[in-house]
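See structure below.
The values are calculated or read from the model by the stated rules, or taken from the named source; none is laboratory data. All of these numbers come straight from a predicted model, not from anything done at the bench. As a convention, Cβ positions derive from the backbone with ideal geometry for all residues, glycine included, and neighbour counts pool all protein chains shown.
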Amino acid sequence: MSTLNTVEPRIYVACLAAYNAGKLHGRWIEATDEPEEIHAQIQAMLKDSPERMAEEYAIHDYEGFGEGAVSEYSSVETVHDMAVFIDENPELGLLLLMHIPHGSNRTAALRSHSRRSRRLG
């Protein structure tokens with residue numbers, strides 16, 4: 001049996017203050033972590049920034065989501081929902097994500113499908 005996704009979903013979150021100053025500062029974060037934990041890791045990364053007053057971040061890279069699934073300003077909650085969906089549905093997760101439009105409808109569709117799968121599973 002082959003799997004479509006062999007990389008655990010994760011995001012690279014970068015400090016925009018450092019980026020704008022020409023410095024690379026960020027952290028890879030497991031996207032299946034709970035949203036509160038992801039937010040805490042982002043805040044810790046910003047606190048460790050080489051730039052004072054670091055407050056803003058952006059997602060500059062990602063793995064395990066397929067092409068175009070995550071944008072620079074995707075919400076932590078949406079990224080988490082997609083990662084959990086892929087984790088729970090490794091064979092179909094990426095294929096289905098390609099056919100669900102971006103935005104709030106994507107999150108609602110993922111949650112609906114996950115609830116349905118749990119009831120049927």
Residue satisfying all of: in region 45-82; in contact with a Lys or Arg (Cβ under 8 Å, 6 or more places away or on another chain) and of a type in the set (A, V, I, L, M); surrounded by the most Cβ atoms within 10 Å (Cβ to Cβ) among these: Met82
Of all residues making up region 49-64, the number that are under 14 Å from Lys23 (Cα atoms) and out of contact with any Leu (no Cβ under 7 Å at 6 or more places or on another chain): 5
Flag if Val76 is in contact (Cβ under 8 Å) with a residue 24 or more places away in the chain, among the aliphatic types (A, V, I, L, M), under 20 Å from Val7 (Cα atoms) and touching a Phe, Trp or Tyr at 6+ places or on another chain (Cβ under 6 Å): no
Neighbours by Cβ (under 8 Å, 6+ apart or cross-chain): first from region 20-42, over 13 Å from Thr78 (Cα atoms); second among the basic types (Lys, Arg) and surrounded by 14 or more Cβ atoms within 10 Å (Cβ to Cβ): Trp28/Arg10; Ile29/Arg10; Glu30/Arg10; Gln41/Arg27; Ile42/Arg27
Some residue of region 13-35 being farther than 19 Å from Asn89 by Cβ, modelled with pLDDT under 95 and not aromatic (Phe, Trp, Tyr): no
